[in-house]
Amino acid sequence: MPRFRLIVFDLDGTLIDSIGDLATAVNLLLGERGAAPLRVPQVAAMVGEGARLLVGRAMAAAGLADDEAALLRFLEIYEGLLPGDTRPYAGILEALEALRPHARLAVLSNKPTAASLTLLDALGLTPFFAAVIGGDGAFPRKPAPDGLRHLVAEAGVSPSETVLVGDSTIDLLTSQAAGTAACIARYGFGQVTFDGSRLRGGELFADTPHDLVRLLT
């Protein structure tokens, strides 16, 4: 029997390297408001909890007042860039192809649903996934476990038969709250702010996408 029957992936920093386009959109927004650009590592440290928090953090770092108009403008700019320079991490397509016969695959992201679907389509990833849940859908954003629990129930599996693959502390906390296994994508940009003190032991660690097949089957 396969080790896991349901494999749920985070999107940004796990399946796709999107930090360049996210930083570009942030800096275009800041430039429109007369502020200096942020460095890519600064933006990387702000990503992972949805567009609302990303924009709020970027505005605060630039010394600007945040408002709802800033979020809407960011989304407009960002979605206009896509797919831009965003690409699947090297080895992701091969890993998904190898994993698909062994388990149901799904995506759970804090990224807005429209942008998530646009990128999955543009990068040829959509056919791999039975379900996609974005951060603005029916469930609270990660680390709330609701979306992950829904995917588990929808697949008809148990939490112990499920693993969440993600690059950030947010993904780790989500898996812990839902009672699933966790696989930490150490190649992703979420590692910039990863809190190793939240590890409980028993987590899996992928240093490259190629490691995923060995670890998850």
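Please find, among 172, 199, the residue that is more than 22 Å from residue 132 (Cβ to Cβ) and within 19 Å of the chain's Cα centre (by Cα).
The match here is 199.
Quick one: in the range 41-52, which of the residues that are under 17 Å from the mean Cα position of the chain (by Cα) and outside any loop (DSSP other than H, G, I, E, B) is surrounded by the most Cβ atoms within 10 Å (Cβ to Cβ)?
Applying the filter and picking the extreme gives 43.
Which one is surrounded by the fewest Cβ atoms within 10 Å (Cβ to Cβ) among residues in the range 53-94 that are in contact (Cβ under 8 Å) with a residue 60 or more places away in the chain and among the hydrophobic types (A, V, I, L, M, F, W, C)?
Result: 90.
For the range 100-216, please list each of the helices (runs of 4 or more DSSP H) lying entirely inside it that holds at least 1 residues being modelled with pLDDT of 95 or more and of a type in the set (S, T, N, Q).
Hits in the range 100-216: 113-122, 169-178.
Could you list all residues from the range 187-201 that are open to solvent by 60 Å² or more (accessible area, probe 1.4 Å) and under 18 Å from residue 20 (Cα atoms)?
192, 193
In contact with a Pro (Cβ under 7 Å, 6 or more places away or on another chain), open to solvent by less than 30 Å² (accessible area, probe 1.4 Å), of a type in the set (Gly, Ala, Ser) and touching a residue at least 40 places away in the same chain (Cβ under 8 Å): does that describe residue 135?
It is true that residue 135 is in contact with a Pro (Cβ under 7 Å, 6 or more places away or on another chain), open to solvent by less than 30 Å² (accessible area, probe 1.4 Å), of a type in the set (Gly, Ala, Ser) and touching a residue at least 40 places away in the same chain (Cβ under 8 Å).
The values are calculated or read from the model by the stated rules, or taken from the named source; none is laboratory data. Small disclaimer: the values here were computed from a predicted structure and weren't measured. Using ideal geometry, Cβ is built from the backbone for each residue, glycine included, and neighbour counts are taken over all protein chains shown. Side chains included, ligands, DNA and RNA excluded: accessible areas come from the protein's heavy atoms. Shrake-Rupley method; radii C 1.70, N 1.55, O 1.52, S 1.80 Å.
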